[in-house]
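We did not get these values from a lab; they are worked out from the coordinates using the rules stated. Since this is a predicted model, take the numbers as computed values, not measurements. FYI the Cβ positions are ideal-geometry reconstructions off the backbone, even for glycines, and counts take in every protein chain you see.
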Amino acid sequence: MSLTKFESMLKTNKIYFFDLDEFEEIIIHYLDEGKHALAKKALKLGLEQHPESIDLKFFQVELYLFDNEVDKAFFILTKIEESDPENYEVFTQRAIIYSKSGNHEEAIINLKKALTFTNYKTLVWSLMGMEYLYLNDFENALKNFVNCIDVDFEDYAALYNIIYCFDMEKEHTKAITYLNNYLNKNPYCEVAWHQLGRQFFILDDFEQALIAFDYAVLIDEHFIGGYLEKAKTLEALGKYQEAIDNYLVTLNLDDPTAFAFVRVGECYEKLHKYDAAISYYKKAVHEDPLLDRGWFLLANIYYDDKNYNKAAYYTAEALKIDEDNAVFWRRYAEIKMKLNFYEEAVTGFEKCLMLGDNAIEIYIALVDVLSFLGEFNDAITVLIDAQKTYKNFAEIEYRLAGLFFTLNKKKYGFNHLIIGLNLDYEYHTILKEIFPTVLDDKKVQKLIIDFKKTLE
């Protein structure tokens, strides 16, 4: 009724009187609708008719902040404080402004002042807890959120934040103690049972985690998060079929998710039911075509089945989504090796190194492919680069020896061969696999035989 009256007034340019509650109702309506221009008109008229209204002035602060006019908002808050110095909202509003500007210490100072002027302390504690979180002061954040719970046991936002503080401090045992005490007073809280299960899971106490998740879903049989965590725990216990059953519950309770499809597929793969695994991986990528993990799992299962063409296709799909994933590039290179596409394998291994996967296996695989392709100098460059990380590795020394002998740089070849023999005599057989002609050299043969005698 008041809204209709106000909009009629705007159309006729007549001035009607509204009581304070009506103005507040009108302004809140326009703010909720995102009609800030109309909210400002209502506020302007409201302040003309009720110039001493503190509630309207707080709306004025809100609108100034919406327009990013922080100085004007601070000015109004100062005016409110002059007329009502014990109004806690002045200090909470200032704290919010300071927080948004990143000045969390000043926000806390104002919130502490607000606490002295209100009996409704949970809001202030909650705000203060968040400010301490921004400062990574988890101890003080925890104290404030605990205060919130002490007043309202069903303040689940505070409960989550309490456990977050314990998590960040890696105080999982303390978290378990707190949750058990909480559950002694509020035993039918599925959120607390769920969080208790998470803590046990982090500590690898899967049996206790499973008990906690069982309680969570018994209390709320539609608790999707509880079923998901229960399924993950059953996986950790090797109970893959039971894990599948719980993942499927989540698919029945809500819209299907690619995450659940993937987890079901992984469980089937561990049960060696590969057709079922492939089916669920395909459901996952159908549900979310940008789920690179789904494509990659398909690639892996076909790779293990020696179906390298399909493995290559699915790896390519994963790389389309995340071309900076070294794990994908490693699989790409391995597949190309199996398909005898050696130049592409080189590209894959080089990408791995570029992306930070500098495992010795990558260097060795790249060198062996380059050697096969006759790119001997490039292979030497890769090995010298590898030596920066892997010093005194027989795998590197024998390959350097073979490459230098191949390039007829025998002095270098003998130097590296001697180093290799000292590091691992038995590994010299790698020369026969990669550089068989090197062993035709009588001097090389003699060196190897003489060295063996020194070991006897």
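Just add up the charged neighbours of V262: K/R +1, D/E -1, any other residue whose Cβ is under 10 Å from the Cβ of V262.
Details: positive: R263, K283, R293; negative: E266, E287, D288.
Counting the neighbours of V262, the net charge comes to 0.
Would you mind pulling out the separation of the Cα centroids of the stretch 183-199 and the stretch 366-381, in Å?
60
Along the stretch 100-111, what does the Karplus equation 6.51 cos²θ - 1.76 cosθ + 1.60 (θ = phi - 60°) give for ³J(HN,Hα), rounded to whole Hz, x for Gly and Pro?
After applying 6.51 cos²θ - 1.76 cosθ + 1.60, I find 5, 8, x, 8, 6, 5, 5, 4, 5, 4, 5, 5 Hz.
Just add up the charged neighbours of F138: K/R +1, D/E -1, any other residue whose Cβ is under 13 Å from the Cβ of F138.
Numbers: positive: K143, K170, K174; negative: E131, D137, E139, D167, E169, E171.
Charge balance near F138 sits at -3.
Which of the aspartates and glutamates could be linked to K112 by a straight reach, that is with a Cα gap under 17 Å, when you skip same-chain ones fewer than 8 residues away?
Reachable aspartates and glutamates: E81, E86, E89, E131, D137, E139.
With +1 assigned to the C-beta of every Lys and Arg and -1 to the C-beta of every Asp and Glu, and no other charges, what is the dipole magnitude of the chain about the Cα centre in debye, to the nearest 20? Each step should come with its number before you reach the end.
Numbers: 49 positive and 76 negative charges, 420 e Å.
Magnitude of the dipole: close to 2020 debye.
What 222 nm value per residue comes from the helices of the chain, counting each DSSP H run with n ≥ 4 as -39,500 (n - 2.57) and dividing by all residues, nearest 500 deg cm²/dmol? Write out the running numbers ahead of the final one.
Values: 27 runs with 351 residues, N = 456.
Value at 222 nm, helices only: -24500 deg cm²/dmol.
Specify whether the C-alpha gyration tensor of the stretch 262-413 places it in the rounded, prolate or oblate class, a ≥ b ≥ c being the square roots of the eigenvalues: rounded for a/c under 1.5, otherwise prolate if a/b is larger than b/c and oblate if not. Before the final figure, lay out each step's value.
Details: a/c = 2.76, a/b = 2.63, b/c = 1.05.
Verdict is prolate for the stretch 262-413.
So, by mean Cβ neighbours within 10 angstrom, what's the order for 310-322, 265-277 with the highest one leading? Before the final figure, lay out the partial values.
Details: 310-322: 19.2, 265-277: 17.4.
Top of the packing list down: 310-322, 265-277.
Against the longest principal axis of the chain, how steep is helix 342-354, in degrees 0 to 90 to the nearest 10, with axes from Cα atoms?
With both axes taken from Cα atoms, the answer is about 50 degrees.
Rounded to whole Hz and in sequence order, give me ³J(HN,Hα) for the stretch 196-202 from the Karplus expression 6.51 cos²θ - 1.76 cosθ + 1.60, θ = phi - 60°, writing x for Gly and Pro.
5, x, 4, 5, 5, 4, 4
Check the straight Cα-Cα distances from K351 and name the lysines below 25 Å, setting aside those fewer than 8 residues away within the same chain.
K306, K310, K320, K336, K338, K388, K391
For the stretch 314-345 and the stretch 104-168, what is the separation of their C-alpha centers, rounded to whole Å?
Cα centroid of the stretch 314-345 versus Cα centroid of the stretch 104-168: 49 Å apart.
Would you pull out the residues with amide H under 5 Å of C189's amide H, same chain only if 5 or more places away, H placed 1.01 Å from N?
none
Taking the chain as the reference, fit the longest principal axis to its C-alpha atoms, fit the long axis of helix 376-387 to the helix C-alpha atoms, and give the angle between the two in degrees, 0 to 90, nearest 10.
Orientation of helix 376-387: about 60 degrees from the principal axis.
Give, as a single signed number, the net charge of other residues whose beta carbon lies under 15 Å from the beta carbon of Y412, with Lys and Arg counted +1 and Asp and Glu -1.
Values: positive: R399, K409, K410, K411, K443; negative: E397, D441.
So the environment of Y412 carries a net charge of +3.
In whole Hz, with x marking every Gly and Pro, tabulate ³J(HN,Hα) for the stretch 161-167 from phi via Karplus 6.51 cos²θ - 1.76 cosθ + 1.60, θ = phi - 60°.
5, 4, 5, 4, 4, 4, 4
Ranked from highest to lowest mean number of other Cβ atoms within 10 Å per residue, what is the order of the peptides 104-110, 190-196?
190-196, 104-110
Enumerate the amide H contacts of L237 below 5 Å, restricted to partners 5 or more residues apart or on another chain; note that Pro and chain-start residues carry no placed amide H.
Correct list: empty.
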